[in-house]
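One structure is given below, represented as structure tokens, and several questions about it will come after.
The values are calculated or read from the model by the stated rules, or taken from the named source; none is laboratory data. Because the structure is a prediction, the values reported are computed rather than measured. Positions of Cβ are generated from backbone atoms using ideal geometry, with glycine treated the same way; all protein chains shown enter the neighbour counts. Side chains included, ligands, DNA and RNA excluded: accessible areas come from the protein's heavy atoms. Shrake-Rupley method; radii C 1.70, N 1.55, O 1.52, S 1.80 Å.
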Amino acid sequence: MTQKTPLFSLLFALWGASSLVLAHTVITDQATEGTSLYTGFNITHGCGFEDKPSLPVIAQSVVFPNGPNAIVTRLDTEEAIDLGDVLVGGAHAATLINPAIIQNRDVFDINESISDETGVVRGVHYTEGGLPPELDAVLPFRVSGVTFVEESCATKVRARIGIANWCHHRPGARRADVWIGRLTPVFNDERVVSIGFWPVLTFNRNPVSNPLPANCGEGYEVAVEPSDESIDQYLPVPGFIPGL
């Protein structure tokens with residue numbers, strides 16, 4: 001396997017200030033209301049299983065929570081809410097996360113954006129390459145700024161993004177680490193799914209330009225995550241098998 005590192009070294013220096021020490025695949029930065037954000041998916045290790053050695057990551061896939069059936073929850077009460085009451089235009093998929101994948105061939109040669117029939121980028125597949133398990137990497141992307149509804153009491157929107165690191169093509173091996181927080185009909189193996197953990201891209205309200213209304217107190221946070229149907233449609237990579 002050919003090791004590719006030049007842009008990775010630069011990205012690691014740029015994003016190292018985020019001081020992420022987690023052993024999971026995560027998003028490196030948080031976004032501020034009204035401002036576009038250049039960030040990335042941080043791969044921190046290869047695929048492992050129990051006491052066996054980790055395998056190199058040879059593909060990655062991502063699904064964004066920007067579909068019409070995304071699950072939106074107020075975190076303090078756990079009640080379902082309408083994203084349009086929190087973000088301006090939030091009822092429309094592209095408004096929350098309108099991602100643009102930044103071309104980078106230092107880890108994977110193919111960076112394929114997967115769009116739905118409306119042209120919204122719902123996912124991305126990174127293939128044809130690899131990352132040794134002892135190295136870190138950042139796969140860069142950009143998201144446009146969002147605007148919080150002035151009357152809303154929301155302080156943050158936590159966008160839960162599904163990510164899978166793929167490490168093997170064939171049955172009978174440790175093939176994937178799947179960061180989606182819950183099991184789905186396709187990703188139904190609790191040994192490889194990070195139940196209870198999501199990679200999160202946080203959008204913060206700007207308290208200066210858009211302060212909370214006086215009756216909000218400390219406000220509340222909102223989570224949005226892709227539906228099971230979206231995960232099972234956009235996260236699989238052709239030729240890779242979800243389970244062990």
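Quick one: Karplus J couplings for the range 34-46, per residue in order, coefficients 6.51, -1.76, 1.60, θ = phi - 60°, nearest Hz, x for Gly and Pro?
So the J values, rounded to whole Hz, are x, 10, 5, 10, 9, 9, x, 8, 9, 8, 10, 6, x.
Please list His125, His24 in order of solvent-accessible area, largest first, computed with a 1.4 Å probe with all protein chains present.
My answer, sorted largest first, is His24, His125.
Now for a separate question. Using Cα pairs under 8 angstrom and six or more residues apart, how large is the relative contact order of the range 138-243, in percent?
39
Determine the sum of side-chain charges near Thr73: Lys and Arg each +1, Asp and Glu each -1, restricted to other residues whose C-beta is under 9 angstrom from that of Thr73.
-2
Let me ask another. Return the carbon/sulfur percentage of the accessible area of the chain, one whole number, probe 1.4 Å, all protein chains in place.
That share works out to 52 percent.
Which peptide among 137-147, 156-166 comes first, and what is the full order, when sorted by highest mean count of other Cβ atoms within 10 Å?
Result, highest mean first: 156-166, 137-147.
Then there is this: Using the per-residue mean of other Cβ atoms lying within 10 Å as a proxy for protection, in what order, highest first, do the peptides 106-118, 27-39, 223-235 fall?
223-235, 27-39, 106-118
Report, to the nearest 10°, how far helix 6-15 tilts away from the longest principal axis of the Cα atoms in the chain, using its own Cα long axis and a range of 0 to 90°.
30
If you stretched the chain out fully between Arg142 and Leu183, how much longer would it get, using 0.36 nm times the residue separation minus the C-alpha to C-alpha distance?
This chain segment gains 12.0 nm when fully extended.
Any idea what the relative contact order of the chain is, in percent, if you count C-alpha pairs under 8 Å spaced at least 6 apart?
With pairs under 8 Å counted, the relative contact order is 28 percent.
Give the share of C-alpha pairs in each 10 angstrom bin for the chain, from 0 to the last occupied bin, in whole percents, shortest bins first.
7, 32, 35, 19, 5, 1
Still on this structure, please answer the following. When the helices in the chain are scored as -39500 (n - 2.57) per DSSP H run of 4 or longer and the sum is shared across all residues, what 222 nm value do you end up with, to the nearest 500 deg cm²/dmol?
Using -39500 (n - 2.57) per qualifying helix, the result is -2000 deg cm²/dmol.
Assigning unit charges at the beta carbon (Lys, Arg +1; Asp, Glu -1) and nothing else, what dipole magnitude in debye, to the nearest 20, does the range 89-244 show about its Cα centre?
So the dipole magnitude of the range 89-244 works out to roughly 180 debye.
Another one. Under a 1.4 Å probe, what is the accessible area of the range 94-208 per residue, stated in Å²?
Result: 40 Å² per residue.
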